[in-house]
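Written out below as structure tokens is the structure these notes cover.
The values are calculated or read from the model by the stated rules, or taken from the named source; none is laboratory data. Predicted, not measured: the structure shown is a model, and the values here were computed from it. A quick note on method: Cβ atoms are made from the backbone with ideal geometry, for glycine too, and the neighbour counts reach across all protein chains shown. Accessible surface areas use protein heavy atoms only, side chains included; no ligands, DNA or RNA. Shrake-Rupley method; radii C 1.70, N 1.55, O 1.52, S 1.80 Å.
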Amino acid sequence: MTNTTHFGYKTVAEDQKVQEVAKVFHSVASKYDVMNDLMSAGLHRAWKLFTIAQAGVRPGFKVLDIAGGTGDLAKAFAKQAGRSGEVWLTDINESMLRVGRDRLLNKGLVTPTLLCDAEKLPFPDNYFDRVSVAFGLRNMTHKDQALAEMQRVLKPGGKLLVLEFSKVIAPLQKPYDVYSFSVLPWLGQKIAGDAESYRYLAESIRMHPDQETLKSMMLDAGLERVQYHNLTAGVAALHTGIKL
């Protein structure tokens, strides 16, 4: 019997979700940063800066950026880790990874990039000082398995950082829904020529675990001292956890 999962509000076979998510990011890769700026009014840059500050990467650190997309976090981490450090940019989507790799090279940063699945990380146990995933966890089919893999590759004392869209505070829910399901698809059509991918984005955010649920999932994965910071009234949240 085929296992099923959700793709936005639709129920699909698990292997079909991987293919559908890939189509979304192949479609939007070239306009990804432009759309992020428009959708969040530039706030995604502040959220990422906060994440970078919370990471506290130092020279010599080994860092893994999962679902790294266009490389915003990896670029900052590579500068902080320096030549003695090791920063990996990874993504399951080839189009996104290519954009991120090229952006890093254009900044003079030569850092390893790898096409890989976060649910099956090809790295040894206890290897990285920091692991980050920004706006990628909600697209993963088995989030619990991905979190367990992130915990596995962290060194004792290492930190996991999960930046993701989350549940907004109650007074903003209705206007946020109107924006998400009317404005976002319209922007997607006008800018990226793809309304459906941004309709999926809105749906995938609603299907993603809320702040407390994700905190529990990280604890279940073996992380300690898990906490979260709501950003912009819960539009996004940064969860952090330590491997002890």
- Note on the structure: Counting only protein heavy atoms and leaving out ligands, DNA and RNA, the solvent-accessible surface of residue 213 at a 1.4 Å probe, in Å² to the nearest 10, equals 60 Å²
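Just the ratio, please: alpha-carbon radius of gyration of region 26-75 over 2.2 N^0.38 Å, N its number of residues.
On the way: Rg = 12.5 Å, N = 50, 2.2 N^0.38 = 9.7 Å.
Ratio of Rg to 2.2 N^0.38 Å for region 26-75: 1.29.
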- Message: Need one number: nm distance between label points at residue 212 and residue 3, each 7 Å from Cα along Cα→Cβ, rounded to one decimal.
- Response: 2.7 nm
- Step through the residues of region 116-121 one at a time and calculate ³J(HN,Hα) from phi using the Karplus curve (6.51 cos²θ - 1.76 cosθ + 1.60, θ = phi - 60°), rounding each to whole Hz and writing x for Gly and Pro. 7, 9, 5, 7, 9, 5
- Task: Sticking with the crude label model, points 7 Å out along Cα→Cβ, report the distance from residue 22 to residue 49 in nm, one decimal please.
- Result: 3.7 nm
- Note on the structure: Over the chain, the sum of -39500 (n - 2.57) across DSSP H runs of at least four, divided by residue number and rounded to 500 deg cm²/dmol, gives at 222 nm -12500 deg cm²/dmol
- Note on the structure: Rounded to one decimal in nm, the spacing of the 7 Å Cα→Cβ label points at residue 83 and residue 126 is 3.0 nm
- For region 145-174 and region 212-244, write down the distance between their C-alpha centroids in whole Å. 5 Å
- Taking only the alpha-carbon positions of region 107-146 and ignoring solvent, what does the Debye formula give for the base-10 log of I(q)/I(0) at q = 0.15, 0.19, 0.26 Å⁻¹? -0.47, -0.73, -1.16
- Message: Starting from the Kirkwood Rh over alpha-carbon pairs, what translational D in µm² s⁻¹ does region 117-210 have by Stokes-Einstein at 10 °C and 1.306 mPa s?
- Response: 105 µm²/s
- Task: Consider a paramagnetic label point 7 Å from the Cα of residue 229 along Cα→Cβ; state which residues of region 65-83 have an amide N under 17 Å from it.
- Result: 73-74, 76-77
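If I take all pairs of Cα atoms in the chain, what percentage of them are more than 29 Å from each other? Mind showing how you got there, number by number?
Values: 7151 of 29646 pairs.
Every Cα pair in the chain considered, those over 29 Å come to 24 percent.
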